[in-house]
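So the structure is just underneath, and the comments pick up after that.
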Amino acid sequence: MYETIKYEVEQGICRIILNRPDVLNSFNAKMNKEVTDAFKQAGKDPDVRVIVLTGEGRAFSAGEDLANVQGDDFSYGDTLRKRYNPMIKQIASTEKPVIAAINGVAAGAGASAALACDFRIATRKASIIMAFVNIGLVPDSGAMYYLPRLVGMSKAIEMAYLGDKVTADEAHRIGLVNAVADEDHFEEEVNRLATRLAHSATKAIGLIKRALYHNMEVGLEDALEYEAYCQEIAGNTEDHKEGVDAFFNKRKPEFKGR
Ligand code: T3D
């Protein structure tokens, strides 16, 4: 059904695999659209409890397919507004946990897509490159929103101005990725986190995601009220009832994601 990505759902885990390995999974318009659609579909599917975004072959994604940016009628602003911004907004607004499994280089808007995910797990050979400046562009697709929030302004400036490769180990040290695994254990590490999240209280996690981003932008008064609003919703889920029952019966909760 998709041409530029693979979409697989198994045991609560949805895998969205960028699949243009010959050009390091760089984005064309079709891939932006398909990734956006795939996140929308996964967000609505009650069988999906966690989403893993990864790449086929040796790269996560090298950002925009640079073969497309040549020609006088190419508009960078329009490309972002029509293709990338909806994709990033869809990833960010999908109320399910999202893991970027960074299997290789993530450059330009490929790195931005990883930043918009909730967790980042990198294989040791992976790297993250704010490659934009190397071709005379500014970081886009949310990179200038997420990057300073994740690593602080000082490191964000260094990465954005210099466009240097940040190794997986360095990315882990500065808090840009949550974990690094050797290639042999990478899939296992990603599956371990995905499986754990797939058995967790999905509605609560969706609400936590929404509230964390909302509360980053508002004052204490609004933040407290938004927590109360979200807690009212979480408190009425089956998973909350199950969690309390499991607590008093000294057993492990069996969350259903509703
Ligand atoms: O409107 C807008 O603003 C547009 C949106 C822009 C957002 C952006 O993403 S701008 C940034 C675009 N990305 C880049 O500038 C990164 C370009 N790529 C690289 O710097 C390097 O390829 C990497 C550091 C990612 C990896 O280097 P390496 O040495 O491992 O691989 P390579 O040999 O450079 O690339 C392998 C092949 O992939 C090669 O093709 P070939 O020679 O084997 O036929 C290369 O041309 C191709 N490739 C890599 N990146 C892209 C690409 N083809 C098209 N677009 C790419 N971005």
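The values are calculated or read from the model by the stated rules, or taken from the named source; none is laboratory data. Keep in mind it's a predicted model, so treat the numbers as computed, not measured. Heads up, the Cβs are rebuilt from the backbone with ideal geometry, glycines too, and the neighbour counts pull from every protein chain shown. Surface areas here come from the heavy atoms of the whole protein model, side chains and all, with no ligands, DNA or RNA. Shrake-Rupley method; radii C 1.70, N 1.55, O 1.52, S 1.80 Å.
Figures for the structure shown
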| quantity | calculated |
| --- | --- |
| Lone qualifier among ARG124, ARG120 - being more than 10 Å from the ligand (Cβ to nearest atom), open to solvent by 80 Å² or more (accessible area, probe 1.4 Å) and either touching a Cys at 6+ places or on another chain (Cβ under 8 Å) or under 21 Å from ALA101 (Cα atoms) (or both) | ARG124 |
| Helices (runs of 4 or more DSSP H) contained entirely in segment 1-93, each with at least 2 residues that are of a type in the set (A, V, I, L, M, F, W, C) and crowded, with 18+ Cβ neighbours inside 10 Å | 29-44, 85-93 |
| Total residues in segment 132-149, condition surrounded by 20 or more Cβ atoms within 10 Å (Cβ to Cβ) and either part of a helix (DSSP H, G or I) or near the ligand (Cβ under 9 Å from one of its atoms) (or both) | 7 |
| Odd one out for ALA111 among (1) open to solvent by 20 Å² or more (accessible area, probe 1.4 Å); (2) assigned to a helix (DSSP H, G or I) | (1) |
| Scope segment 55-86; condition of a type in the set (Phe, Trp, Tyr), within 7 Å of the ligand (Cβ to nearest atom) and within 30 Å of LYS125 (Cα to Cα); matching residues | TYR84 |
| Top-ranked residue in segment 172-186 [being among the charged types (D, E, K, R) and touching a residue at least 24 places away in the same chain (Cβ under 8 Å); ranked as surrounded by the most Cβ atoms within 10 Å (Cβ to Cβ)] | GLU183 |
| Scope segment 191-217; condition open to solvent by less than 50 Å² (accessible area, probe 1.4 Å) and under 26 Å from GLY152 (Cβ atoms); matching residues | LEU193, ILE205, LYS209, ALA211, ASN215 |
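Yes or no, residue by residue, for (1) farther than 15 Å from ALA113 by Cα; (2) touching a helix residue (DSSP H, G or I) at 6+ places or on another chain (Cβ under 8 Å); (3) touching a residue at least 40 places away in the same chain (Cβ under 8 Å):
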site: THR4; (1), (2), (3): yes, yes, no
site: ASN25; (1), (2), (3): no, yes, yes
site: ALA38; (1), (2), (3): no, no, no
site: VAL48; (1), (2), (3): yes, yes, yes
site: GLY57; (1), (2), (3): yes, yes, yes
site: PHE60; (1), (2), (3): no, yes, yes
site: GLU64; (1), (2), (3): no, yes, yes
